[in-house]
Amino acid sequence: MTGFVVFNAKRCPGDRRTSSGKRNPTFAFDAFASHRLAQFTVVTFGRLQILTEPENVILLRFRRFVHFFIVLAASSLIFLLQQGTCGEYARQPTSSPSEYPLSRHVRFSYEIFNTTGLLIPEADFWCYVPVKQTGTQFCEGITASVPVKILIDDLGNQILHAKIKQLPPYGRLQLHIRADLRLSHVPNAVSRQDQDRFLREEPFIETTDPAIRKTAATLRAKTPQKTVDQIFEWVAGRIRYAGYLSEERGAAYALREKQGDCTEFMYLFAALCRANGIPVRCMAGMVCTADGILRARDYHNWAEFFEDGAWRLADPQNRRIRTKPGDYVAMRILGNADSPMGDSHRFRISDSRLEVRFGK
C-alpha cells in the first residue's frame, strides 16, 4: 500500500525581500511552522482519507476499521506539525541528557531599534539559538523575554522566531534569551547520518579547486585519523591569523594567501579533509567555559570531523583538536538547510527599517 500527503500552506506574511534585497525562497517551511498549518489537505492514503479545514477541525473518514492505526499515526504527525516540528526536525535525541554531565547556563540579548519616525505595526525576527543536540551539547530549554517559537531546520539548528508588534517611532525592543545546556568533554556517539552532505563542495569549501586537491593529496596518510592529524597540524602551522575579517574568504583564499581569521582556518581544514573523503562539518558559536553572558566579540568558528562514530572537535586557529569540546557552545551547524534564516549568519529581520544589534 502506498500513499502520500499534500500540504497547501498559505504564504507567510514575512515572504518578502530581505533587508539585503535578496528573496528568501524557504517560506513554505515558515508558513506551516509559524502559522500552524493554516490550511492543508491530506489526500488518499490507501483507503484512508483525512481532511482538515482552516479552523483546524480534523475530519477523519476511513472505510475500514483495520486502518485505525494509520489514523493514529497521521494524528501524531499533525500534532508534531502544530507544535512547530516537522519530519526530521521531530526526531528523538540519539543520546540522553544524562550523557552530558556538564551543566551550563548562558544568556544573550538582541536590541531591535525602529530607525524611522513611523509606527511599525508588525515585523518578524529570527535568530539562531544553541543547537538542540550535538555529540557534546544538549539544549534542555530556551526561554525569552517575549513570546517566541522555536523552529528546527534539517541540520538540527534551532531558530527562535518572535513577532514584533506596534513598535513606536524610534522605539526599542530588548529581547533577552537564556539557554540551559548540558555539555560533555567526551563526544557521544550518534546514529549513522547522511555523511555525504559533509563531503560535498560548498561555497567557501572549494574541494575541487586544483590547489586544494594537490595539497590534500600531499597530506594524505595511511589512515583517516593520521590524515586528519596531518591536515590539522599543517593548517594550524602554515596559516597566519590576520585578525577579524568582516567578509568570508574561504578555503582557496586561505591556502593562497596563507592567512585568515577563524573562519578561514575552519574552511581550509574542512576542504582538505573533505577532499580526502573525511566528513567535516563547520560550526559557529562561542567558547564558553562557565555560566555567563555571550558577547558578539566572542563569536567563533571551528570544525568537527567524523571519527569512530562521533563528531570530534578541530579548532586549528586555537590549536585544539579532540580536547575539551565541552568548552564550545554551538549556535549553528553551517550548511544549506530549509530555513527562514536565508543567508543570515546570526539573525534576520523582515523589515529593513529595523536595526538589530547583538548584545555587546
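What follows draws every value from the coordinates through simple rules; no lab data is involved. None of these values were measured; they are calculated from a predicted model. Methodologically, a virtual Cβ is constructed for each residue, glycine included, from the backbone with ideal geometry; neighbour enumeration extends over all protein chains shown.
Brief remarks on what is shown
- Going from the residue with the fewest nearby Cβ atoms within 10 Å to the one with the most, Asp351, Asp343 rank Asp343, Asp351.
- Neighbourhood charge, 13 Å Cβ-Cβ cut-off, centred on Ser246 and excluding it, Lys, Arg +1 and Asp, Glu -1: -3
- Other residues lying with their Cβ under 12 Å from the Cβ of Gly141 contribute a combined charge of +1, Lys and Arg counting +1, Asp and Glu -1.
- Among Ser109, Ser98, Ser246, Ser103, the ranking by other beta carbons within 10 Å of each residue's beta carbon, starting with the fewest, stands as Ser246, Ser98, Ser103, Ser109.
- Cβ-defined net charge surrounding Lys226, 12 Å radius [Lys, Arg +1; Asp, Glu -1]: -1
- Sorted fewest first by neighbouring Cβ atoms within 10 angstrom, Glu247, Glu233 come out as Glu247, Glu233.
- Applying 1/(1 + (r/R0)^6) with R0 = 45 Å to the Cβ-Cβ distance of Thr143 and Glu201 gives a FRET efficiency near 0.70.
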